[in-house]
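Accompanying notes for the structure given below.
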Amino acid sequence: MEEYVGSGGLLSRTHGRRRCVRATRVAQSEIQDSKFMKAAVLHKPGAPLAVEDVDDPQPGPGEILINVKACGVCHTDLHLAAGEWRLPKLPLIMGHEAVGTVEAVGAGVASFKAGDRAGVPWIYSTCGACEYCTSEREPLCPSIAVTGFMVDGGYAEYVKAAASHAIAVPPELDFVDAAPLYCAGLTPYRALKASGARVGETVAVWGVGGLGHYAVQIARACGARVVAVDIQSSKLDLARELGADVT
């Protein structure tokens with residue numbers, strides 16, 4: 001799978017059909033004052049999100065500001081909203097599958113410019129130097145910051161992202177199709193990459209759900225023979241439609 005290593009390969013080759021995408025478009029604010037934006041804010045676990053005016057985020061050094069066009073709804077967000085995870089901050093703007101156009105860049109950013117298409121994933125930033133970061137185990141970094149959990153996320157008109165971890169969105173990919181790839185797509189992609197599976201080898205996907213249907217597409221795009229396993233016939237039908245060789 002070496003020829004597909006890298007987020008660009010994932011985003012340009014594995015987007016799912018629209019009916020498989022769990023994303024919602026963010027409404028544009030009618031507020032004229034540029035100091036504020038609309039955001040869906042969690043103030044208390046178990047309470048409905050409140051759509052309200054909040055301060056516009058400003059990109060600091062090494063950060064970019066994204067004008068959000070779409071943001072996926074991950075099941076993790078439901079756990080957070082229900083209070084099933086301990087929240088490190090409240091109020092909180094959730095959403096870690098946010099994509100859009102770059103509005104501004106902070107000092108020192110050379111990888112993005114205003115007008116670029118970009119998105120922010122679950123991992124907002126890491127130290128980049130610890131034993132985990134240097135061995136492709138960034139989720140274990142002691143200094144990790146998580147989008148929509150430890151820092152405000154994409155249920156808003158604008159979201160900040162660390163340029164080091166933001167990922168470009170290819171021009172041919174619709175924002176709504178792109179959004180879920182930043183978590184639901186990246187997760188099986190990383191698993192396939194870590195497995196060491198190579199072109200022509202067989203990959204089994206257990207469960208053709210939110211992540212599994214992406215795993216089928218990614219493995220197929222990488223040249224693997226795909227076996228899809230599920231107890232629901234409708235999921236197996238979907239797997240075959242997405243390219244599974246055996247169900």
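Given the options A47, A107, name the one that is aliphatic (A, V, I, L, M), surrounded by fewer than 22 Cβ atoms within 10 Å (Cβ to Cβ) and over 28 Å from A168 (Cβ atoms).
Details: A107 fails: over 28 Å from A168 (Cβ atoms).
None of the other options fit; the residue is A47.
If G196 meets every condition in (1) buried (at least 20 other Cβ atoms within 10 Å of the Cβ); (2) of a type outside the set (A, V, I, L, M); (3) at positive phi apart from one, which number is that one?
(1)
Run I144 past the list (1) of a type in the set (V, I, T); (2) farther than 23 Å from I123 by Cα; (3) surrounded by fewer than 22 Cβ atoms within 10 Å (Cβ to Cβ) and report the number of the one that doesn't hold.
Only one criterion in (1) of a type in the set (V, I, T); (2) farther than 23 Å from I123 by Cα; (3) surrounded by fewer than 22 Cβ atoms within 10 Å (Cβ to Cβ) is unmet by I144, namely (2).
Of these, A156, A98, which one is touching a residue at least 60 places away in the same chain (Cβ under 8 Å), buried (at least 21 other Cβ atoms within 10 Å of the Cβ) and within 30 Å of S195 (Cα to Cα)?
Working: A156 fails: within 30 Å of S195 (Cα to Cα).
Going through A156, A98 in turn, the sole match is A98.
Going residue by residue through region 167-177, is there one that turns out to be among the charged types (D, E, K, R), part of a loop (DSSP other than H, G, I, E, B) and assigned by TED's automatic domain parsing to the domain that holds L42? Spell out the reasoning first.
The initial filter retains those residues of region 167-177 that are among the charged types (D, E, K, R), namely 172, 174, 177.
Checking the rest, the ones that are also part of a loop (DSSP other than H, G, I, E, B) come to 172, 174.
If we keep only those that are assigned by TED's automatic domain parsing to the domain that holds L42 too, we end up with 172, 174.
Checked against the condition, which is being among the charged types (D, E, K, R), part of a loop (DSSP other than H, G, I, E, B) and assigned by TED's automatic domain parsing to the domain that holds L42, region 167-177 yields at least one hit.
Looking at A228, A161, A118, which one is in contact with an Asp or Glu (Cβ under 9 Å, 6 or more places away or on another chain), outside any helix (DSSP H, G or I) and within 20 Å of G72 (Cα to Cα)? Can you show your working first?
Numbers: A228 fails: within 20 Å of G72 (Cα to Cα); A118 fails: in contact with an Asp or Glu (Cβ under 9 Å, 6 or more places away or on another chain).
Criteria check complete, one pass: A161.
For region 180-191, what are the residues that are in a helix (DSSP H, G or I), crowded, with 22+ Cβ neighbours inside 10 Å and either among the aliphatic types (A, V, I, L, M) or in contact (Cβ under 8 Å) with a residue 60 or more places away in the chain (or both)?
Going through region 180-191, the residues in a helix (DSSP H, G or I) turn out to be 180-182, 186-191.
Remaining after also requiring crowded, with 22+ Cβ neighbours inside 10 Å: 180-182, 186, 188-189.
Scanning region 180-191 gives P180, L181, Y182, L186, Y189.
Answer yes if at least one residue in region 196-215 is under 28 Å from Q58 (Cβ atoms), assigned to a strand (DSSP E or B) and of a type outside the set (K, R), and no otherwise. Spell out the reasoning first.
Taking region 196-215 and keeping what is under 28 Å from Q58 (Cβ atoms), we get none.
So far as region 196-215 goes, no, none of its residues is under 28 Å from Q58 (Cβ atoms), assigned to a strand (DSSP E or B) and of a type outside the set (K, R).
Can you pull out the residues in region 105-130 that are free of Cβ contacts under 8 Å to residues at least 24 places away in the same chain and of a type in the set (K, R)?
Scanning region 105-130 gives a single hit, K113.
Within region 73-86, which residues are surrounded by 12 or more Cβ atoms within 10 Å (Cβ to Cβ), within 20 Å of the chain's Cα centre (by Cα) and over 16 Å from A39 (Cβ atoms)?
Once the filter is applied, which keeps residues that are surrounded by 12 or more Cβ atoms within 10 Å (Cβ to Cβ), within 20 Å of the chain's Cα centre (by Cα) and over 16 Å from A39 (Cβ atoms), region 73-86 yields C74, H75, T76, H79, W85.
Do we find that Y214 is touching a helix residue (DSSP H, G or I) at 6+ places or on another chain (Cβ under 6 Å), under 30 Å from P48 (Cβ atoms) and not charged (D, E, K, R) in this structure?
Details: touching a helix residue (DSSP H, G or I) at 6+ places or on another chain (Cβ under 6 Å): yes; under 30 Å from P48 (Cβ atoms): yes; not charged (D, E, K, R): yes.
Spelling it out, Y214 is indeed touching a helix residue (DSSP H, G or I) at 6+ places or on another chain (Cβ under 6 Å), under 30 Å from P48 (Cβ atoms) and not charged (D, E, K, R).
Looking at region 204-223 only, could you name the residues that are over 23 Å from C74 (Cα atoms), surrounded by fewer than 23 Cβ atoms within 10 Å (Cβ to Cβ) and touching a strand residue (DSSP E or B) at 6+ places or on another chain (Cβ under 9 Å)?
Here is the first cut: in region 204-223, the residues over 23 Å from C74 (Cα atoms) are 204, 220-223.
Still in the running and surrounded by fewer than 23 Cβ atoms within 10 Å (Cβ to Cβ): 204, 220-221, 223.
Hits for region 204-223 are A204, R220.
The values are calculated or read from the model by the stated rules, or taken from the named source; none is laboratory data. All figures in this text were calculated on a predicted structure; none of them were measured in a lab. Heads up, the Cβs are rebuilt from the backbone with ideal geometry, glycines too, and the neighbour counts pull from every protein chain shown.
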